[in-house]
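The values are calculated or read from the model by the stated rules, or taken from the named source; none is laboratory data. The model shown is predicted, which means the values in this text are computed figures rather than measured ones. Cβ coordinates were reconstructed from backbone atoms using ideal geometry, including for glycine residues, and neighbour counts include every protein chain displayed. Heads up: the accessible areas ignore ligands, DNA and RNA and are worked out on the full protein's heavy atoms, side chains in. Shrake-Rupley method; radii C 1.70, N 1.55, O 1.52, S 1.80 Å.
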Amino acid sequence: MSTVVNINKRVGHRIKVKRVDLEMTQGDLAEQLGITQGYLSYLEKGQRQITLALLEKIAGAFRCSMIDLLPSELQRRQAA
């Protein structure tokens, strides 16, 4: 599996976990972001590459940092 695909899957998983923790549906979040529920589903499964602009919007909707949505090893690199 390529590194990009792996990162897409892990970022997508973190988005899904955070969304569920906040008791948001895909439809709720997609509406806030101005994207379709289907596209959000693809992002959460890692089947689409997320842009920084969209990651920023998602972080805003979650009221968290973009860093919080990255896999832990990328967070450690950012902190170093």
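Checking ARG10 against (1) open to solvent by less than 80 Å² (accessible area, probe 1.4 Å); (2) of a type outside the set (Ser, Thr, Tyr); (3) out of contact with any helix residue (DSSP H, G or I) (no Cβ under 9 Å at 6 or more places or on another chain): exactly one of these is not met. Which one? Among (1) open to solvent by less than 80 Å² (accessible area, probe 1.4 Å); (2) of a type outside the set (Ser, Thr, Tyr); (3) out of contact with any helix residue (DSSP H, G or I) (no Cβ under 9 Å at 6 or more places or on another chain), ARG10 violates only (3). Among the residues here, THR36 does not qualify as modelled with pLDDT under 95, over 14 Å from the mean Cα position of the chain (by Cα) and either surrounded by 14 or more Cβ atoms within 10 Å (Cβ to Cβ) or of a type in the set (Val, Ile, Thr) (or both). Restricting attention to segment 13-47, the residues being in contact with a Lys or Arg (Cβ under 6 Å, 6 or more places away or on another chain) and either farther than 14 Å from GLY60 by Cβ or of a type in the set (Asp, Glu) (or both) number 3. The set of residues in segment 1-56 that are in contact with a Gly (Cβ under 8 Å, 6 or more places away or on another chain), over 13 Å from LEU70 (Cα atoms) and of a type in the set (Val, Ile, Thr) contains only VAL5. Those helices (runs of 4 or more DSSP H) of the chain in which at least 2 residues are in contact (Cβ under 8 Å) with a residue 24 or more places away in the chain, considering only elements entirely within it, cover 3-21, 26-33, 37-44, 52-62.
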